[in-house]
Protein chains: 10
Amino acid sequence: VHHPLDVVVQRHRRPLKIVERQKSYSQEVQRAGKWAHIWRIVGEYANFSIFDVESNDELHTLLSGLPLFSCMDIHVTPLATHPSDIKV
Amino acid sequence: VHHPLDVVVQRHRRPLKIVERQKSYSQEVQRAGKWAHIWRIVGEYANFSIFDVESNDELHTLLSGLPLFSCMDIHVTPLATHPSDIKV
Amino acid sequence: VHHPLDVVVQRHRRPLKIVERQKSYSQEVQRAGKWAHIWRIVGEYANFSIFDVESNDELHTLLSGLPLFSCMDIHVTPLATHPSDIKV
Amino acid sequence: VHHPLDVVVQRHRRPLKIVERQKSYSQEVQRAGKWAHIWRIVGEYANFSIFDVESNDELHTLLSGLPLFSCMDIHVTPLATHPSDIKV
Amino acid sequence: VHHPLDVVVQRHRRPLKIVERQKSYSQEVQRAGKWAHIWRIVGEYANFSIFDVESNDELHTLLSGLPLFSCMDIHVTPLATHPSDIKV
Amino acid sequence: VHHPLDVVVQRHRRPLKIVERQKSYSQEVQRAGKWAHIWRIVGEYANFSIFDVESNDELHTLLSGLPLFSCMDIHVTPLATHPSDIKV
Amino acid sequence: VHHPLDVVVQRHRRPLKIVERQKSYSQEVQRAGKWAHIWRIVGEYANFSIFDVESNDELHTLLSGLPLFSCMDIHVTPLATHPSDIKV
Amino acid sequence: VHHPLDVVVQRHRRPLKIVERQKSYSQEVQRAGKWAHIWRIVGEYANFSIFDVESNDELHTLLSGLPLFSCMDIHVTPLATHPSDIKV
Amino acid sequence: VHHPLDVVVQRHRRPLKIVERQKSYSQEVQRAGKWAHIWRIVGEYANFSIFDVESNDELHTLLSGLPLFSCMDIHVTPLATHPSDIKV
Amino acid sequence: VHHPLDVVVQRHRRPLKIVERQKSYSQEVQRAGKWAHIWRIVGEYANFSIFDVESNDELHTLLSGLPLFSCMDIHVTPLATHPSDIKV
């Protein structure tokens, strides 16, 4: 089984009432093992995330399902296994 | 079966003797159905390509196998199926 | 007959009611063989497209006919035949 | 007959002995009516040009034929007829 | 007599009712021989123009007289005669 | 105990003989639990890494100890705990 | 004890009534020894600040506590001790 | 006596009723010998200015006193005496 | 008589033996009244200059005559009379 | 007495033998009270400094006296007193 990994930076300046629904959605996808990591970028209303998905189509479906998707500025960088990674 | 699609822009200013090996390699990967499209960017020594691969790891293996890989400037944009595409 | 090929990246952040008309228009131009390819850029409300047209004037007419043209951010990169393309 | 028009900005910092051959080539293409306009960008070793060609392939052939092509930094912007142009 | 030439890229995303007055003004200045060329940038609501004026002051007066001046994003690149131009 | 987390993008175009020493050093720091994650950026000779360190001084000491440090282009983005992270 | 130092540039164009609360908050954090320096960037409604904090989490908590946080554009650059600093 | 010189580019897209007060203020500072030069950037609602002030604090006080300060985008470049200047 | 004014920023990192000839040339053009102002940009081997010339062609001739022209990075911004200038 | 404050970011990729002389010079200027602060930017061969000088001319003299000046990339941001600073 192959696991393409992707980084997503999501910026969103105007906090909305749907922030709570966004949080539940994110935690659901984390529990499903698809949203592998999430960090806050210090000083910004933005996060830095790692996704562990089967395909580009799956990743787009996950991201476009975010309650705040229409007001987020997302950029995806495709990642692969690194030859120096001791976990591989 | 899922087919993540990726775009690669490859810029290379200093033509080398290994250009011929680069061409054979590219055509081999095209014949294997992995390098779906390749176009010249008008006025530049650069191409615009679409890859049809199973995973990010496979794409990196294909690209890093290019004879000119070490002197190319490659940027990958992850693509997915578009809901308006009549071919899907 | 010559077939200049062009790439269009179209970004549009605010979904509108005319999204449906946009879809029909796009599929009509695809069926006419002018809009050769369309992909979703993963994580973005944007597409990556290839057009196969006779002239720059024809391409501008096609693009400016899009129902959402006035709120799209389009950038065109002119493409030509690549000498390594096995389909040529 | 359609006439796609294209702008080319060509930057080249290191003057070479083949500058003379570059000039003859440019004037030949001008006389053939393909290189419609050429201006110097003030203060820079760069030009701003308008080409009047039949296709993207023809334009790339013209540009890649420049004796200095391998050390030029060329960017092409596709142009079309403007509805306010009194010459059309 | 000297003729400094200048390029103007004018971007304007929100079409207005004064578009008609803008067109007449542009054609007047074209007929006066000051607005030497105008092209549409393919896929954009923007133009690419060449002006043939006596001074920077004259050019600013022409541009700031455009009915849509206050909502246009204009950038001027100063151009001079090119030594390879066969028309000089 | 606090664990500031940092992302490092390291680009390096000219492969050197000390690449092997670089790999050992990286794996040592990984085994020490300081270099939490490392991924290859697809199509590039670059990595994307997460460090788990006590202070900015410790991170700079780790990075400047890399055998290839003097020819790497490193950018650090400070990360913090995200309120939606289910692992916290 | 380690003291990671961080620089924050904060831009904010639209003065608000909460500017006074922002000032008290800033001076409180200064008195606590966490906001080590603050300067005005000449000609801009922006500041340039140095923070002296224990961790990235502490810094984000301080910054996100600013009354104007939601309309500020903050960028953090991680700083460490410099080997030429005579104060160390 | 030392005279630090500074350049200010001020961009302002939306003309306001206070434009007249802005003009008087500018001319007052010019008459005081502090605003040494002011030019219009051709085709833009922006100026290019040189200030001759005693300190950065004095310059910020002058600039923040502009009636349109809150809607201007100002960038200051610090200038010094040039060794080739024949006026020094 | 009209006096188009132009700003030139010239950057040059590698000091050469012809620096002395560059200085004489600059002072000659200053004495001729064409190179109206020259300042050093603080901390950089670069200048900020104002030229007072009759045309774009004259400016390019002056600049391309600089002994260091081939290794300078020059950018020209066209300037015009400002309506608030008390010297006009 | 006025004290304009300036920030200098200095990047330098190729370590040289004169690094030692650079360190002595920096510490001399620090002891003279002109180079108020110096920090290492984490992961980079670059520093972030604050200077406390009387004029732009004095700052340029200090910076251009650095043994490594000709191979450094310096950018100066002019700073002034901030109204919220409790030290003023």
Per the axis that maps chain D onto chain C, nearest residue of D (Cβ criterion) and its distance in Å: D:78, 3
Packing-based exposure ordering (other Cβ within 10 Å, fewest first) of H:62, B:63: H:62, B:63
Computed E for residue B:32/residue C:46 - FRET, C-beta separation, R0 30 angstrom, nearest 0.05: 0.55
Neighbour-count ranking [beta-carbon atoms within 10 angstrom, fewest first] of I:21, J:40, E:31: E:31, I:21, J:40
Packing-based exposure ordering (other Cβ within 10 Å, fewest first) of A:66, A:79: A:66, A:79
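Return the FRET efficiency for the residue pair residue A:23, residue C:61: r is the Cβ-Cβ distance, R0 is 56 Å, and the value is rounded to the nearest 0.05.
Result of the calculation: an efficiency of 0.75.
The numbers here are math on the coordinates, done by the rules we state, and not lab data. All values derive from a computational prediction rather than experimental measurement. Here Cβ is always computed from backbone atoms with ideal geometry, including for glycine, and neighbour counts include all displayed protein chains.
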